[in-house]
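Colleague: A single structure is presented below for examination.
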Amino acid sequence: MKILIIGQGIAGTMLAHILERAGVQVVVAEANLPGRSSEVAAGIVNPVTGKRFVKSWRLDDFFLVAQYHYRALESLLGISVWEERPILRLLATPEEKNDWATRCAQTDYTEYMGERPNAGAWAPFLKPGFHIGVIHKAARVNFPTLLHAFREKARINGQLIDTPIQYGDIETLLGEYDRVVFCEGYRASENPYFPNLPWQLAKGEALLIRFQDSRANQVHDMLKKTSLIAPLGDGLFWAGGSYQWHYPDLDPSLGERDYILQRLGEMLQAPFEVVGHVAGVRPSVKDRRPFLGESQVLSRVYIFNGLGTKGALLAPFWAEHLADHLLKGTPLDTTVAVGR
Ligand SMILES: Cc1cc2nc3c(=O)[nH]c(=O)nc-3n(C[C@H](O)[C@H](O)[C@H](O)COP(=O)(O)OP(=O)(O)OC[C@H]3O[C@@H](n4cnc5c(N)ncnc54)[C@H](O)[C@@H]3O)c2cc1C
């Protein structure tokens, strides 16, 4: 079987990887289009999210599959991209501390949540007075390194098209490929083969920051309050992100930069320098579930999208699910089927 995957963000990368392992001939098209999401994302897998500290949807299933496939990609490509690290959760108010303690006492949360007496290597950088919660079994996937290494492999093997694929070319391409799978991120909202899907796209921005204090090199844990800060190595940190449901363009904006700086100011007392500012659009869906399946407009055309805010955790499990559907005809789970 020969499959063309359009878009090589985390969705397209993971699907291509799983299909290739199953012996499929895969070609990926990736044109580095503005607003792409994986390139700017922190790539965090955060098991416990939201103001009420709730475990992510089907976390236990998804985490193991994610760990398995990211490690397989590390071996295949000779890179290191999957880092399991805790997230320190800064708790400020008595209500937050109370809610956190209540969750920690629940048996299905004990392996994911706990408390720390202090912030460890983060301590010199933080404002005083926080109570420190800790989220275990968290991870960060270095998306840019993974995507670039996978793309380079595809290029060397002659499996990469690096120009944009036009919707008008799909019928012709179906003469060459058995299946075409769109993994085009937020651009899917304009795809004529999958019209009227309930998208709720969310532009997001993030800053890259560097502390003046060299002790920042010893910080390895991630940190979260209203913003998240993740160490990237060499004293560089990812900090963000913001959410905009209405936006005039795809560029980083001064308004969001100020918003993120204000959030960082609530957490940090140590001075830092902003060395980068990025923006992308999350392919989010109203019911927060991915889209998988075949087009009703043109057969043999598929979609794998809607990973929203959680591409790092969701992509491996659902790519495997779609691959089984494409290769073995396994029915799609109705919660993610595109026609739901
Ligand atoms: C600021 C920010 C922070 C985030 N942080 C996290 C996080 O910590 N953890 C997490 O799990 N998720 C995070 N996300 C969400 C995450 O980025 C998405 O869930 C995920 O990356 C979506 O991947 P994707 O492959 O579906 O889309 P994309 O990454 O957008 O990939 C789509 C690709 O398709 C290409 N493309 C589109 N059309 C064509 C065409 N016609 N021809 C050729 N190429 C095409 C584009 O160039 C693009 O590279 C964050 C997002 C943002 C914006």
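Where a number appears in this text, it was derived from the coordinates with a stated rule and is not lab data. As the structure is a prediction and not an experimental result, all values here were calculated from the model. Using ideal geometry, Cβ is built from the backbone for each residue, glycine included, and neighbour counts are taken over all protein chains shown.
Colleague: Taking the Cα centre of the range 54-140 as origin and charging only Cβ (+1 Lys, Arg; -1 Asp, Glu), how large is the dipole, in debye to the nearest 20?
Modeller: So the magnitude is around 220 debye.
Colleague: If a paramagnetic tag sat 7 Å from the Cα of Asp213 along the Cα-Cβ line, which residues of the range 68-112 would have the backbone N under 11 Å from that point?
Modeller: Taking a point 7 Å out along Cα→Cβ of Asp213, no residue of the range 68-112 has its backbone N under 11 Å.
Colleague: So, one more: Which lysines, on any chain, are close to Lys328 with Cα under 26 Å apart, when same-chain ones fewer than 8 places away are left out?
Modeller: Qualifying lysines at Cα under 26 Å: Lys2.
Colleague: Quick one: Debye curve from the C-alpha atoms of the chain, no solvent, what's log10 I(q)/I(0) at q = 0.06, 0.08, 0.11 Å⁻¹?
Modeller: These q points yield log10 I(q)/I(0) values of -0.22, -0.39, -0.73.
Colleague: Okay, next question. Going by Cα centres, the range 1-53 and the range 240-260 are how many Å apart?
Modeller: When both Cα centres are located, 23 Å separates them.
Colleague: Let me ask you something else. What lysines could a cross-link reach from Lys137, if we take a straight Cα to Cα line under 29 Å and drop same-chain neighbours fewer than 8 places away?
Modeller: Within the straight-line limit of under 29 Å, Lys137 reaches these lysines: Lys51, Lys55, Lys97, Lys127, Lys203, Lys224, Lys225, Lys286, Lys310.
Colleague: On to the next question. So, R0 is 45 Å and r is the distance between the beta-carbons of Ala123 and Leu254; what FRET efficiency does that work out to, to 0.05?
Modeller: Rounded to the nearest 0.05, the efficiency is 0.90.
Colleague: Further, regarding this structure: What is the spread of the Cα atoms of the range 118-172 along each of their three principal axes, largest first, in whole Å?
Modeller: Result for the range 118-172: principal-axis Cα extents of 62, 26, 21 Å.
Colleague: With only alpha-carbon pairs counted, each pair once and no self-pairs, how large is the Kirkwood hydrodynamic radius of the range 54-140 in angstroms?
Modeller: Here the Kirkwood hydrodynamic radius works out to 14.8 Å.
Colleague: Might you report the magnitude of the Cβ-based charge dipole of the chain about its Cα centre, with Lys and Arg at +1 and Asp and Glu at -1, to the nearest 20 debye?
Modeller: Computed charge dipole of the chain: roughly 660 debye.
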